[in-house]
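Working notes, structure below.
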């Protein structure tokens with residue numbers, strides 16, 4: 001039982017490059033989330049998915065897209081990376097009204 | 001918009017004492033509130049959830065209170081240990097129970113031997 005896994009763990013991009021962050025969970029949760037965490041600002045919700053086939057914007061969606069590929073997987077795509085997207089990205093999953101389980105994070109630097 | 005305030009200054013306490021962390025919020029009445037622990041370089045780990053109709057919740061050495069009139073939650077760790085040193089985050093559900101959370105910036109706790 002791996003919980004929530006994320007790949008890659010680290011990534012360095014140049015401005016304008018694209019990339020996809022992958023997330024998978026094996027807990028049969030309906031809900032999945034993408035957050036970013038910046039120093040002094042706490043976790044901010046980028047996008048979430050309440051169930052397979054649905055996605056919705058969070059607090060800071062600009063510059064990102066998501067895909068809920070199936071119940072297990074939820075990916076986050078940066079189409080044209082900007083230095084302001086340098087951050088630590090966390091994926092999480094949960095049953096509807098309960099604790100969220102977080103992955104280990106992806107540390108992204110955009111130069 | 002919803003705002004959550006946690007003390008940004010680190011809390012330093014001696015081993016064996018009780019640590020008390022504060023979470024204040026504005027502009028909304030959340031269905032429930034959660035507390036998480038985060039260690040450096042790791043993802044947050046869930047600790048406790050308390051619902052709006054509950055005043056207090058306990059789990060081992062942890063206790064959470066929820067005062068919807070004051071719009072405040074207090075998080076207590078009794079008999080603190082150096083292993084309790086971490087950053088503690090509070091999070092509110094802002095969707096009436098659909099688990100879309102707003103997180104505070106967290107308070108760093110350091111427990112000294």
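Nothing in this text is a laboratory measurement; each read-out follows from the coordinates by a stated rule. Just so you know, these numbers come straight off a predicted model, no measurement behind them. All Cβ positions, even for glycine, are placed from backbone atoms using ideal geometry, and neighbour counts span all protein chains on display.
Roughly speaking, what is the centre-to-centre gap between the stretch A:8-31 and the stretch A:59-79 when only Cα atoms are used, to the nearest Å?
One Cα centre to the other: 8 Å.
Could you grab the relative contact order for chain A? Cα pairs under 8 Å, six or more apart, rounded to a whole percent.
Worked out over chain A, it gives 36 percent.
Just grab the label-to-label distance for residue A:5 and residue B:26, each label 7 Å out from Cα along the Cβ direction, in nm (one decimal).
The modelled label-to-label distance comes out at 4.4 nm.
Write down Rg/Rh for chain B, rounded to two decimals, with Rg from the C-alpha atoms and Rh from the Kirkwood relation over Cα pairs.
0.95
Sketch the reach of a paramagnetic label on residue A:38 as a point 7 Å from Cα along Cα-to-Cβ, and name the residues of the stretch A:63-88 whose backbone nitrogen lies under 11 Å away.
Those under the cut-off are A:83-88.
Grab the beta carbon distance between residue A:88 and residue A:12, set R0 = 22 Å, and tell me the FRET efficiency rounded to 0.05.
The calculated FRET efficiency here is 0.95.
With each pseudo-label sitting 7 Å past Cα toward Cβ, what's the residue A:65-residue B:12 distance in nm, one decimal?
A separation of 5.0 nm, rounded to one decimal place.
Express in % the proportion of alpha carbon pairs of the protein assembly as shown at distances exceeding 33 Å.
Percentage above 33 Å: 16.
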